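Data first, discussion second: the structure below is written as structure tokens.
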Amino acid sequence: SLISALLLVGSLQAVPVFAHKGNQNDDGTKTEAQVEQEVELHKQEITQKQQEIEDNKNEAKAELEAKVEARKKELEQEKSDKKAASAQERQKRCEQRKANIATRVQRLQTKAGSIQTKLNNYLAGAEKYIADNSIISDDVQAALLAAKDDQAKSATAVTALSNLSPTVDCAKPAVASDIAQVKATAEQAKMALLAYREAVRTLLEKTEGSAS
């Protein structure tokens with residue numbers, strides 16, 4: 001019938017309209033679905049780029065932090081090495097100083113003992129001479145007593161120096177006090193020996209004067 005033919009033609013003409021809806025519009029422009037799809041793809045690309053940038057940023061940050069930490073450890077190690085080297089150098093200097101102190105004390109002890117012995121011999125000779133020649137002069141006897149008194153004082157000071165044995169502990173800051181002790185004891189022995197020598201010299205002069 002005519003109505004059936006018209007409906008058939010109408011249905012055939014409608015097919016292309018629905019067929020073009022998923023690709024392009026009739027005028028050649030993109031469909032709404034295509035635009036939305038492209039927008040979504042663009043968003044995904046942007047998101048991916050942002051993620052790559054963020055990952056690169058985090059990677060660079062981690063690398064920088066690792067370098068900073070490594071350099072920090074290097075500096076700490078250098079500081080530790082310098083400190084150890086400084087401690088070793090101080091220990092070495094202290095040991096050298098310790099040896100020098102021991103050598104110096106030994107020399108002082110030997111020298112003081114030698115001087116004491118010589119003066120004792122001079123005094124013993126003068127005393128023997130006085131006794132053998134029966135010298136009873138008051139000046140000579142006073143000089144003899146003074147010499148014996150200085151002899152005893154000198155012997156005490158020299159003995160103190162001989163007994164001196166400074167113990168320098170390089171682990172403790174006591175080196176200065178040890179040196180001060182050595183100097184003080186040595187000075188006391190020196191002054192006592194000088195006084196003893198002067199007393200013996202005076203005795204010899206008095207003895208010679210009385211003999212003449």
Open item on the list: Which condition from (1) touching a residue at least 60 places away in the same chain (Cβ under 8 Å); (2) open to solvent by less than 60 Å² (accessible area, probe 1.4 Å); (3) more than 25 Å from residue 160 (Cβ to Cβ) is the one that residue 91 breaks?
Closed with: (2)
Task: Flag if residue 107 is open to solvent by 50 Å² or more (accessible area, probe 1.4 Å), in contact (Cβ under 8 Å) with a residue 60 or more places away in the chain and in a helix (DSSP H, G or I) - done: no
Open item on the list: Cβ-Cβ under 9 Å, sequence separation 6+ or interchain: first residue in the range 173-201 and closer than 17 Å to residue 97 by Cβ and open to solvent by less than 90 Å² (accessible area, probe 1.4 Å), partner at pLDDT 90 or above and β-branched (Val, Ile, Thr). Which pairs?
Closed with: none
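Give the residue, chosen from 133, 120, 58, that is without any contact (Cβ under 8 Å) to a residue 60 or more places away in the chain and more than 42 Å from the chain's Cα centre (by Cα).
120
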TODO: State whether the residues of the range 144-159 include one that is without any contact (Cβ under 8 Å) to a residue 24 or more places away in the chain, closer than 30 Å to residue 99 by Cβ and assigned to a helix (DSSP H, G or I).
DONE: yes
TODO: Might you check whether a residue that is free of Cβ contacts under 8 Å to residues at least 60 places away in the same chain, among the β-branched types (Val, Ile, Thr), open to solvent by less than 100 Å² (accessible area, probe 1.4 Å) and in contact with a strand residue (DSSP E or B) (Cβ under 9 Å, 6 or more places away or on another chain) occurs anywhere in the range 33-55?
DONE: no
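The values are calculated or read from the model by the stated rules, or taken from the named source; none is laboratory data. Given the structure is predicted, the values throughout are model-derived calculations rather than measurements. Virtual Cβ from ideal backbone geometry, glycine too; neighbours counted across all protein chains shown. The area values use the complete protein model at the heavy-atom level, side chains included, leaving out ligands, DNA and RNA. Shrake-Rupley method; radii C 1.70, N 1.55, O 1.52, S 1.80 Å.
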